[in-house]
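The values are calculated or read from the model by the stated rules, or taken from the named source; none is laboratory data. Keep in mind that this is a model prediction, so the values were computed, not measured. Don't worry about glycine lacking a Cβ; one is built from the backbone with ideal geometry, like all the others, and counts go over all protein chains shown.
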Amino acid sequence: MNTTPTTPTRERLCDIYPSQWWPWLIPVCSPITPHQHGGSDCTGAGKIPIEKGWNKKAAERAEYCDIEPRLTFLEQHLNSGGNVGLALPPGIVVLDADDPKSAAWLVARYPDSPFQRTNAGGHAVFTYDPEHREIGATIKVEIAPGVVVDLRVGGKSQIVVEPSVHWTGALYEWEASL
């Protein structure tokens with residue numbers, strides 16, 4: 001995994017994410033700079049949304065967002081050391097592998113799915129019909145022997161995404177893009 005950060009720009013965000021994903025991008029806290037959430041020291045290491053009600057706000061933006069101010073805001077947030085997350089829209093589910101074995105299994109099993117490398121594993125992105133399933137925000141699932149993932153569900157979950165930086169210095173990178 002690459003550990004050489006590049007300066008995020010509006011053009012880079014636009015290159016990484018098709019326009020339908022822009023309203024769903026959310027500011028996430030810094031992976032390195034000490035900070036607090038609600039008066040307590042942050043232990044989320046760059047993975048906690050900084051906006052209260054982030055999932056509802058993302059859904060509202062998807063309906064009426066003026067994208068230019070949003071992109072400017074996200075660019076400034078990234079350039080000040082923050083990370084960016086993707087609030088998962090309804091109908092999207094992510095299999096979040098936290099170890100290399102599980103990530104390799106996902107890539108081998110679903111080679112055409114959008115996949116993002118993370119520090120120790122990766123995120124595989126899929127669509128599903130939310131009308132037919134009620135799933136909690138995040139549940140841990142063993143999907144094959146020794147292959148454990150967190151199932152993150154649209155409307156309730158978010159993932160940290162490129163061009164964010166993990167607290168170890170590793171970069172989040174899409175291998176197969178959205």
Conditions (1) aromatic (Phe, Trp, Tyr); (2) surrounded by fewer than 14 Cβ atoms within 10 Å (Cβ to Cβ); (3) under 13 Å from the mean Cα position of the chain (by Cα): number failed by TRP21: (2)
GLU131 vs. criteria charged (D, E, K, R) and crowded, with 18+ Cβ neighbours inside 10 Å: no
Unmet criterion (only one of (1) in contact with a Ser or Thr (Cβ under 9 Å, 6 or more places away or on another chain); (2) at pLDDT 95 or above) for TRP105: (1)
Any chance VAL160 is in a strand (DSSP E or B) and at pLDDT 90 or above: yes
Meets criteria (of a type in the set (Asp, Glu), within 13 Å of the chain's Cα centre (by Cα) and farther than 10 Å from VAL94 by Cβ) for GLU162: yes
Which numbered condition VAL141 misses (of (1) more than 13 Å from the chain's Cα centre (by Cα); (2) at pLDDT below 90; (3) β-branched (Val, Ile, Thr); (4) closer than 24 Å to TRP54 by Cα): (4)
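Against the definition (outside any strand (DSSP E or B), among the hydrophobic types (A, V, I, L, M, F, W, C) and either more than 30 Å from PRO34 (Cβ to Cβ) or under 15 Å from the mean Cα position of the chain (by Cα) (or both)), how does LEU95 come out, yes or no?
no
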In segment 101-121, the residues that are surrounded by fewer than 16 Cβ atoms within 10 Å (Cβ to Cβ) and farther than 14 Å from GLU175 by Cβ: LYS101, ARG109, ALA120
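Across segment 13-51, which residue is nearest to GLU162 (Cα to Cα) among those that are in contact (Cβ under 8 Å) with a residue 60 or more places away in the chain, touching a helix residue (DSSP H, G or I) at 6+ places or on another chain (Cβ under 8 Å) and outside any strand (DSSP E or B)? Walk me through how you get there before you give the answer.
Quick first cut of segment 13-51, residues in contact (Cβ under 8 Å) with a residue 60 or more places away in the chain only: 13, 16-18, 21, 24-26, 28, 31-32, 45-47, 49.
With the extra rule that they be touching a helix residue (DSSP H, G or I) at 6+ places or on another chain (Cβ under 8 Å), the set shrinks to 13, 24-26.
With the extra rule that they be outside any strand (DSSP E or B), the set shrinks to 13, 24.
Working: LEU13: 9, TRP24: 13 Å.
Across segment 13-51, the extreme among qualifying residues is LEU13.
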Failed item in (1) touching a residue at least 24 places away in the same chain (Cβ under 8 Å); (2) of a type in the set (A, V, I, L, M, F, W, C); (3) assigned to a helix (DSSP H, G or I); (4) surrounded by 22 or more Cβ atoms within 10 Å (Cβ to Cβ), with ALA59 passing the rest: (4)
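Condition check ((1) more than 20 Å from SER157 (Cα to Cα); (2) small (Gly, Ala, Ser); (3) at pLDDT 90 or above) across all residues:
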site	(1), (2), (3)
ARG10	yes, no, no
TYR17	no, no, no
ILE26	no, no, yes
SER30	no, yes, no
GLU51	no, no, no
GLU60	no, no, no
ASP96	no, no, yes
ARG109	yes, no, yes
Residue within segment 38-60 that is aromatic (Phe, Trp, Tyr) and more than 22 Å from ALA137 (Cβ to Cβ) present: no
